[in-house]
Amino acid sequence: MVLFLNDIILIFVGLFILLLGVLIGVAFLTLLERKVLGYIQIRKGPNKVGLIGILQPFSDAIKLFTKEQTFPINSNYFSYYFSPIISFMLSLMLWMLVPYYFNLISFNLGLLFFFCCTSLGVYTVMIAGWSSNSNYSLLGGLRSVAQTISYEVSLALILISAIIMVMDFNLINFGIYQNMVWFFFIMFPLSLTLLSSMMAETNRTPFDFAEGESELVSGFNVEYSSGGFALIFLAEYSSILFMSMLFVLIYLGGYEINFFFYLKLVFISFVFIWVRGTLPRYRYDKLMYLSWKSYLPVSLNFLLFYMGLKIFLL
């Protein structure tokens, strides 16, 4: 009984350290983004706070969380207040899937849990947009929900193709199956489709229609300031970091405790930023066309192909 209790305490300590690491990673991802975008636009990024701007994320966090929390007088207060908190919690819950070889829980249905959490993330955006009681935020929320649901379909189908190759939902097994060759080479077109679907799923450029500054004044989070805005921001960057990790797990050799794994993870996160610095925003009808007329048929065809391949090999 004592051993069992110790195990549970160790699991919780491990989860706490993991989430602390994720939050620090998210903080430095924002710094990386600002630096990379700075150099892309031929200027310096943040370079005043601390050595070469290394303390900038912490000063931003202190500034945001100590500002006064304002809320619109006509807003639906409880929904307005709690939706960023739930959004942040959901994005952190995804990290329970990291397939460590020790201490943490090994999820046999890991990818199903991932689908559940990302699907629930849609509701927080919708409620945040609606409860602010502002036309701009409602429009931003609706656009974001339509986009996320559209790309979730192709995302699920692409991941099902990978699941069929492994015949398991546990993320540890993806590493075992990629000992000889990465799935990135076996499923090359699908892996690139997955990468752009992930960008659409996390509302990143060129798919950042939830935050159409030119027409919607920052989209669904227009009425949020201080802590609420910071939590939405943290949830978005935590999702970016997790999507990068998921891409590495499924297509770039799985989980391994070495420097190369983290290098791949940082590179995929860098690709998200690189795309933001390079590509202009899509037109909304083209975004929907891309999802339903391009990615959906491609992912369905590949799904049938890999099903046939698996049956043939069996």
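Here residue 97 meets each of (1) in contact with an Asp or Glu (Cβ under 9 Å, 6 or more places away or on another chain); (2) closer than 30 Å to residue 294 by Cβ with one exception, condition (1). When segment 81-113 is limited to residues that are in contact with a Gly (Cβ under 8 Å, 6 or more places away or on another chain) and assigned to a helix (DSSP H, G or I), the one that is surrounded by the fewest Cβ atoms within 10 Å (Cβ to Cβ) turns out to be 81.
Being closer than 27 Å to residue 295 by Cα and of a type outside the set (Val, Ile, Thr): is that true of residue 137 here?
On the way: closer than 27 Å to residue 295 by Cα: no; of a type outside the set (Val, Ile, Thr): yes.
Considered against the rule, which asks whether it is closer than 27 Å to residue 295 by Cα and of a type outside the set (Val, Ile, Thr), residue 137 comes out as no.
Here is a yes/no grid of residues against (1) outside any loop (DSSP other than H, G, I, E, B); (2) over 21 Å from residue 162 (Cβ atoms):
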| position | (1), (2) |
| --- | --- |
| 250 | yes, no |
| 265 | yes, no |
| 269 | yes, no |
| 273 | yes, yes |
| 276 | yes, yes |
| 280 | no, yes |
| 286 | yes, yes |
| 294 | yes, no |
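State whether the residues of segment 220-243 include one that is under 30 Å from residue 107 (Cβ atoms), of a type in the set (A, V, I, L, M), out of contact with any strand residue (DSSP E or B) (no Cβ under 7 Å at 6 or more places or on another chain) and part of a loop (DSSP other than H, G, I, E, B). Walk me through it before giving the result.
So the first thing to find is which residues in segment 220-243 are under 30 Å from residue 107 (Cβ atoms), and the list is 230-243.
This time we only want the ones that are of a type in the set (A, V, I, L, M), so: 230-232, 234-235, 240-241, 243.
Now narrow it down to the ones that are out of contact with any strand residue (DSSP E or B) (no Cβ under 7 Å at 6 or more places or on another chain): 230-232, 234-235, 240-241, 243.
This time we only want the ones that are part of a loop (DSSP other than H, G, I, E, B), so: none.
No - not one qualifying residue is present in segment 220-243.
What do you reckon, is residue 289 among the aromatic types (Phe, Trp, Tyr) and touching a residue at least 12 places away in the same chain (Cβ under 8 Å)? Walk me through it before giving the result.
Working: among the aromatic types (Phe, Trp, Tyr): yes; touching a residue at least 12 places away in the same chain (Cβ under 8 Å): no.
For residue 289, the condition - among the aromatic types (Phe, Trp, Tyr) and touching a residue at least 12 places away in the same chain (Cβ under 8 Å) - is not met.
This table checks each residue for (1) aliphatic (A, V, I, L, M); (2) over 21 Å from the mean Cα position of the chain (by Cα); (3) under 30 Å from residue 277 (Cβ atoms).
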residue	(1), (2), (3)
22	yes, no, yes
33	no, no, yes
50	no, yes, yes
58	no, yes, yes
61	yes, no, yes
97	yes, no, yes
107	no, no, no
112	yes, no, no
118	no, no, yes
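Note on segment 168-212: among residues that are under 21 Å from the mean Cα position of the chain (by Cα), in a loop (DSSP other than H, G, I, E, B) and of a type in the set (Asp, Glu), the one that is farthest from residue 119 (Cα to Cα) is 211. If the condition is being surrounded by fewer than 23 Cβ atoms within 10 Å (Cβ to Cβ) and in contact (Cβ under 8 Å) with a residue 40 or more places away in the chain, then segment 127-137 contributes 127, 130, 133, 134, 136. The set of residues in segment 39-51 being in a helix (DSSP H, G or I) and under 22 Å from residue 265 (Cβ atoms) consists of 39, 40.
Coordinate-derived values only; no laboratory data. Fair warning: this is a prediction, and the values are worked out from it, not measured in the lab. In this analysis, Cβ positions are derived from the backbone assuming ideal geometry, glycine residues included, and neighbour counts consider all displayed protein chains.
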